[in-house]
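Below is one structure, written out as structure tokens, with a few remarks after it.
The values are calculated or read from the model by the stated rules, or taken from the named source; none is laboratory data. Worth saying up front: this structure is predicted, and the values here are computed from it rather than measured. Cβ atoms come from the backbone with ideal geometry, glycine included; neighbour counts cover every protein chain shown. Keep in mind that these areas ignore ligands, DNA and RNA; they rest on the heavy atoms of the full protein, side chains included. Shrake-Rupley method; radii C 1.70, N 1.55, O 1.52, S 1.80 Å.
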Amino acid sequence: MSGVFEIERRGAVIAGFMNRPRVHNALNSELREALIQFWDQVKGDDGIRVAIIAGVPGASFGSGRDMKETYDAYSAGETGADWELTNRTGYPVDSPTGKPVIAAIDGYCLGAGLKVAAECDLRICTPEAVFASPQAKVGRATESPLYLQKAGVPKAVVFDMVFTGKRLGGAEALHYGLVSRVVGREQLIEEAWRMAETIAEMSPTVISGLKKGIDAELAEMPTAIGSPLWKSLTAMYGDTGDARLGAEAFVTKGRGES
């Protein structure tokens, strides 16, 4: 992995830390490639159950696209809608892992950085976190209305963000459902580890099923259609090994306490 990205592994949990603090982890080609490699590692290693993505401690999560790199490319005569992008962008949605991913957010979470965070399954942040979609100010198109609404942000707030550049602080992000927890800056990364390790201890069959159902967006379908598909995809009524072990553990534990 390159110098713009660091990795730490604790058992079944892996964490990737974006390491361009001087530019608030703006996404350039090198960092995008590092993200692609990280998502591939998460997907390809059966021993990994949960992933964390964050900036290195003390750095912003991501300030968006590296506009200097973009300017330099245009100045050099590069053409194309997104010259620095291949068909794989480094965004989670373009490199699906099939496993839960937690975004731990501090400082700026803007534009492309916001897209990375919003496409994760869980998001936590510090009170100092700043969320915004300022692409209209720099002439860039944005998918923010799509991924922010999918992340749970109300439509009216999303429109305010994309049309006016409205910023959300950590408390507002929690209020609008963009994050599930706000913790102090000193506790952010360890809180992400605790969350990930808790998930890793859950039934892998159930977690995998939930992830499949969520990624297939079955919850967005009418219940009459989505419910049968959910049951089938997640083995909800299946006679799985995890279900048998869970029942045995529950009864055994109950007997031990009686």
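Does Met202 meet the test of being under 30 Å from Cys125 (Cβ atoms), part of a loop (DSSP other than H, G, I, E, B) and either open to solvent by 70 Å² or more (accessible area, probe 1.4 Å) or at pLDDT 75 or above (or both)? Answer is yes for this residue. Among the residues of the stretch 74-83, are any more than 30 Å from Glu186 (Cα to Cα), among the aromatic types (Phe, Trp, Tyr) and either modelled with pLDDT of 95 or more or open to solvent by less than 70 Å² (accessible area, probe 1.4 Å) (or both)? Yes, some residue in the stretch 74-83 is more than 30 Å from Glu186 (Cα to Cα), among the aromatic types (Phe, Trp, Tyr) and either modelled with pLDDT of 95 or more or open to solvent by less than 70 Å² (accessible area, probe 1.4 Å) (or both). Please find, within the stretch 222-240, the residue that is least open to solvent (accessible area, probe 1.4 Å) out of those that are out of contact with any helix residue (DSSP H, G or I) (no Cβ under 7 Å at 6 or more places or on another chain) and modelled with pLDDT under 85. Ranking the qualifying residues of the stretch 222-240, first place goes to Gly238.
Leu35 passes every criterion in (1) open to solvent by 70 Å² or more (accessible area, probe 1.4 Å); (2) touching a Ser or Thr at 6+ places or on another chain (Cβ under 8 Å) apart from (1). Number of residues in the stretch 46-72 that are modelled with pLDDT of 95 or more and open to solvent by less than 50 Å² (accessible area, probe 1.4 Å): the value is 13. Candidates are the residues of the stretch 1-25 that are on the phi < 0 side of the Ramachandran plot and of a type in the set (Gly, Ala, Ser); the one that is surrounded by the fewest Cβ atoms within 10 Å (Cβ to Cβ) is Gly3.
If you check Arg9 against the conditions, is it at pLDDT 95 or above and not in a loop (DSSP other than H, G, I, E, B)? Quick ask: steps written out before the conclusion?
Numbers: at pLDDT 95 or above: yes; not in a loop (DSSP other than H, G, I, E, B): yes.
So Arg9 passes the test.
Note on the stretch 148-167: among residues that are of a type in the set (Gly, Ala, Ser) and either farther than 17 Å from Val179 by Cα or in a helix (DSSP H, G or I) (or both), the one that is most open to solvent (accessible area, probe 1.4 Å) is Ala156. Selection over the stretch 141-197 of residues that are more than 22 Å from Ile52 (Cα to Cα) and of a type in the set (Val, Ile, Thr) gives a count of 5. When Ala117, Ala103 are checked against the criterion of being closer than 26 Å to Gln41 by Cβ, open to solvent by less than 20 Å² (accessible area, probe 1.4 Å) and part of a strand (DSSP E or B), a single residue qualifies: Ala103. The residues on offer are Ala171, Ala192, and the sole one that is open to solvent by less than 20 Å² (accessible area, probe 1.4 Å) and either closer than 20 Å to Ala59 by Cα or aromatic (Phe, Trp, Tyr) (or both) is Ala192. Beta carbons closer than 7 Å, at least 6 apart along the sequence or on distinct chains, pair a first residue in the stretch 227-247 that is under 17 Å from Met202 (Cα atoms) and in contact (Cβ under 8 Å) with a residue 12 or more places away in the chain with a second that is among the small types (Gly, Ala, Ser) and not in a helix (DSSP H, G or I) for Asp242/Ser203; Gly246/Ser203.
Put simply, of Pro134, Pro145 the only residue that is touching a residue at least 12 places away in the same chain (Cβ under 8 Å), over 18 Å from the mean Cα position of the chain (by Cα) and surrounded by fewer than 21 Cβ atoms within 10 Å (Cβ to Cβ) is Pro134. Checking the structure you have, find out if any residue of the stretch 155-171 is over 14 Å from Leu114 (Cα atoms) and acidic (Asp, Glu). Checked against the condition, which is being over 14 Å from Leu114 (Cα atoms) and acidic (Asp, Glu), the stretch 155-171 yields at least one hit.
Applying the selection to the stretch 179-199, what residues are out of contact with any Cys (no Cβ under 9 Å at 6 or more places or on another chain) and either touching a residue at least 12 places away in the same chain (Cβ under 8 Å) or not in a helix (DSSP H, G or I) (or both)?
Ser180, Gly184, Arg185, Ile189, Glu191, Ala192, Trp193, Met195, Ala196, Glu197, Ile199
Residue-level check: of (1) of a type in the set (D, E, K, R); (2) without any contact (Cβ under 8 Å) to a residue 40 or more places away in the chain; (3) not in a loop (DSSP other than H, G, I, E, B), Lys43 misses just (2).
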